[in-house]
Amino acid sequence: MRKTLTGVALAAASVLCMGVGTASAASTTQQVREAQVSRQAEDTPPLKNWVIYTRNAGNALFRTGPATPPLGAGSLEFTTPTGADKVTAFNFDHVGTALSAIDALGYSTYRSAGNDQQVASLNLQVDANGAAPGGFTTLVFEPVYNTGQGAVVSGQWQNWDSYQGGNAVWWSSNPIGAAPNRDTFPTWNAIVAANPDAVVVGGYGVNQGSGNPGLTTAADALTIGHDGNTTTYDFEPDTVPPTSKDQCKNGGWQSFVSQGFKNQGDCVSYVSTGGKNGANG
């Protein structure tokens, strides 16, 4: 279950903020759609503040449902058909945040296919040394190691509190204080205490790592709080129709299910006819 998430921190600080949200004094909900995302191969610098990284056949699609998501009508669905596939959705808005300032972390999942306790994990790229050389790692939250929050099941939305007052259990892809190896599972508070200079240097988001064949996980309500503010990301399918055939291919038509497309052919036909042929031709 423990998958290493590639460290893509280069150029993260220069990524523009492109989220659209409604704010209150201490909380913000931002809708995230396909148009805000850059789709890239893993190990490449982020081109937008939201990036979907893929390996092999791993993929993530904005879709309506499944069932009733915790926010809005949609979610971001991750698929890894084989054990060699991988897909990650990362946000880079929180680069430079001290780990000690973080006071909320979490997400919701819906497993449509898969078994045992496999489900997409929550990942945060940090540097345990702050400005000092070295210290890069990815902190990983997996529900399977947080048994007090219940077992992973299929066919329903489940909410995971990845902070839990600082008592949620995490592991580290590289050795850091309190987590000398991947078989050590300290609490968030223990990690912060052992690494007082640690800061966010890369992405925060959801990862479905290699070694998870046949797993399909939808994610929504991705949350992070720090410095008195909490941001929750609401994944939603596009309301703007496709403008090129390439947007319809390789499963891309599923990002436009709100348009009524039932398959790739519907989507391609719509583009080819300038919108004259709608859903189902």
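FYI, it's all coordinate maths here, none of it is from the lab. Since we're looking at a predicted model, the values are computed, not measured. A quick note on method: Cβ atoms are made from the backbone with ideal geometry, for glycine too, and the neighbour counts reach across all protein chains shown.
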Around G96: net Lys/Arg minus Asp/Glu count, Cβ-Cβ under 15 Å:
-4
Please name whichever of C267, G165, T138 sits farthest to the positive end of the charge dipole of the chain, dipole taken about the Cα centre and charges placed at Cβ: Lys and Arg +1, Asp and Glu -1.
C267
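What FRET efficiency, computed as 1/(1 + (r/R0)^6) with R0 = 45 Å and r the Cβ-Cβ distance, is obtained for N181 and S154, rounded to the nearest 0.05?
Details: r = 31 Å, r/R0 = 0.69.
With a Förster radius of 45 Å, E is 0.90.
Add +1 for every Lys or Arg and -1 for every Asp or Glu among the other residues with Cβ under 15 Å from the Cβ of A41, and state the total.
Values: positive: R39, K48, R55, K86; negative: E42, D43, D85.
For residues surrounding A41, the net value is +1.
Just to be sure I follow: if Rg is taken over the C-alpha atoms of region 240-281 and Rh is the Kirkwood radius over the same atoms, what is Rg/Rh? Walk me through the numbers before you get to the answer.
Values: Rg = 8.3 Å, Rh = 9.5 Å.
My calculation puts Rg/Rh at 0.88.
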Within the chain, which is the longest segment that contains none of the trypsin sites (Lys or Arg not before Pro) sitting in a DSSP loop with at most 16 other Cβ atoms within 10 Å?
3-181
What is the local net charge at T239, summed over the other residues whose Cβ is closer than 12 Å to its Cβ (Lys, Arg +1; Asp, Glu -1)?
-2
P(r) of region 169-224 over all Cα-Cα pairs, binned every 5 Å from zero, in whole percent
4, 15, 19, 22, 21, 13, 5, 1
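Using the beta-carbon distance between S27 and A193 and R0 = 41 Å, what value does 1/(1 + (r/R0)^6) give for FRET efficiency, to the nearest 0.05?
Values: r = 27 Å, r/R0 = 0.65.
The computed FRET efficiency comes out at 0.95.
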Tell me, V271, V119 in order of fewest to most beta-carbon neighbours within 10 Å?
V271, V119
For volume of the Cα convex hull per residue in Å³, several values are listed as (i) 122; (ii) 135; (iii) 145; flag the one computed from this structure.
(i)
Starting from 0.36 nm per residue, how many nanometres of slack lie between N56 and K262 once their C-alpha separation is accounted for?
71.7 nm
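Taking the Cα centre of region 12-237 as the origin, how large is its charge dipole in debye, to the nearest 20, when only Lys and Arg (+1) and Asp and Glu (-1) carry charge on their Cβ atoms?
Details: 8 positive and 17 negative charges, 66 e Å.
Once rounded to the nearest 20, the dipole reads 320 debye.
How many lysine pairs does the chain hold where the Cα atoms are under 21 Å apart and the two sit 8 or more places apart or on different chains?
Details: K3/K86; K48/K86; K86/K249; K245/K262; K245/K276; K249/K262; K249/K276; K262/K276.
The result is 8.
Mind sorting S100, S75, S255 by how few other Cβ atoms lie within 10 Å of their own Cβ, fewest first? Before the final figure, lay out each step's value.
On the way: S100 15, S75 29, S255 26.
Listing S100, S75, S255 from fewest to most nearby Cβ atoms yields S100, S255, S75.
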